[in-house]
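The values are calculated or read from the model by the stated rules, or taken from the named source; none is laboratory data. Quick caveat: nothing in here was measured; it's all calculated off a predicted structure. Reconstructed Cβ throughout: ideal geometry from the backbone, glycine too, with neighbour counts over all protein chains shown.
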Amino acid sequence: MLRKFNADLKKYKKYGKKSSMSLLLTQQGLWALFVYRVNNSIYRKKIPAVLKRPLLFIGLFFQKLMEIITGISLPYSASIGESCYIGHFGGVIVNSMAIIGRNCNISQGVTIGVSGKGSKRGVPVIGENVYIGVNAVIAGKITIGDNVVIAANSLVTRSVLDNKTVMGVPAEVISENVSNSYI
């Protein structure tokens, strides 16, 4: 848990060029990630249910507090890789079953959620090194490849291959640009 949070903090330092203490006091995305990392660690640990349930109940209280304070919802059962960066607080919703790879940037107003009917109903699996722009929505049983850029205000409901930039409603591939200059 601490290793993953330390990787998140290092990424924030890369962008903010501030001290760890300054970032911990001022970055709402980092607050939400810390609560997520603690709760996810408890959720994934093999500990007796008699201990796990009360700890998760307390963790849920802090998760809800973070949602109220920051507008960022990161359920403990979601899978979020290390070196995550939430650029600005507010309106970030991640489904409890979503999978997000390491080294991803999530902008404000992003929704990563459930969509579809029948066997096509599900949540996204997002690869590594993905940049998700402001107010983007990624929904459904889809896969987002590695090194992908999802432009602001895009609606992604179909899978995206590695090393692509998508944009629009619905999102379409617009280039072969990769995310390294965004991350």
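For the condition loosely packed, with under 13 Cβ neighbours inside 10 Å and either closer than 16 Å to Ile106 by Cβ or not charged (D, E, K, R) (or both), Leu25 qualifies. Can you spot a residue in segment 57-72 that is surrounded by 17 or more Cβ atoms within 10 Å (Cβ to Cβ), of a type in the set (A, V, I, L, M) and under 14 Å from the mean Cα position of the chain (by Cα)? Yes, segment 57-72 contains at least one residue that is surrounded by 17 or more Cβ atoms within 10 Å (Cβ to Cβ), of a type in the set (A, V, I, L, M) and under 14 Å from the mean Cα position of the chain (by Cα). The residues in segment 49-82 that are within 17 Å of Trp31 (Cβ to Cβ) and of a type in the set (S, T, N, Q) can be counted, and the count is 3. Within segment 101-128, the set of residues being among the small types (Gly, Ala, Ser), under 22 Å from Lys4 (Cα atoms) and touching a residue at least 40 places away in the same chain (Cβ under 8 Å) comprises Gly101, Ser107.
Return yes when Gly29 is modelled with pLDDT under 95 and at positive phi and no when it is not. The answer is no for Gly29.
Is it the case that some residue within segment 56-63 is among the polar types (S, T, N, Q), free of Cβ contacts under 8 Å to residues at least 60 places away in the same chain and in a loop (DSSP other than H, G, I, E, B)? Checked against the condition, which is being among the polar types (S, T, N, Q), free of Cβ contacts under 8 Å to residues at least 60 places away in the same chain and in a loop (DSSP other than H, G, I, E, B), segment 56-63 yields no hits at all. In the set (1) outside the structural domain of Ile142 (by TED's automatic domain parsing); (2) surrounded by fewer than 21 Cβ atoms within 10 Å (Cβ to Cβ); (3) small (Gly, Ala, Ser), the condition left unmet by Ser83 is number (2). Among the conditions (1) surrounded by fewer than 17 Cβ atoms within 10 Å (Cβ to Cβ); (2) farther than 20 Å from Tyr12 by Cα; (3) modelled with pLDDT of 95 or more, Lys120 misses just one, which is (3).
Scanning segment 3-19 for residues that are touching an Asp or Glu at 6+ places or on another chain (Cβ under 6 Å), among the charged types (D, E, K, R), touching a residue at least 24 places away in the same chain (Cβ under 8 Å) and under 19 Å from Val92 (Cβ atoms) turns up at least one hit. Tell me, which residue of segment 84-109 that is among the hydroxyl-bearing types (Ser, Thr, Tyr) and out of contact with any Cys (no Cβ under 8 Å at 6 or more places or on another chain) is farthest from Asp8 (Cα to Cα)? Among those residues, the one meeting the criterion is Ser96.
Restricted to strands (runs of 3 or more DSSP E) entirely inside segment 81-169, those with at least 1 residues that are among the small types (Gly, Ala, Ser) are 111-113, 137-139.
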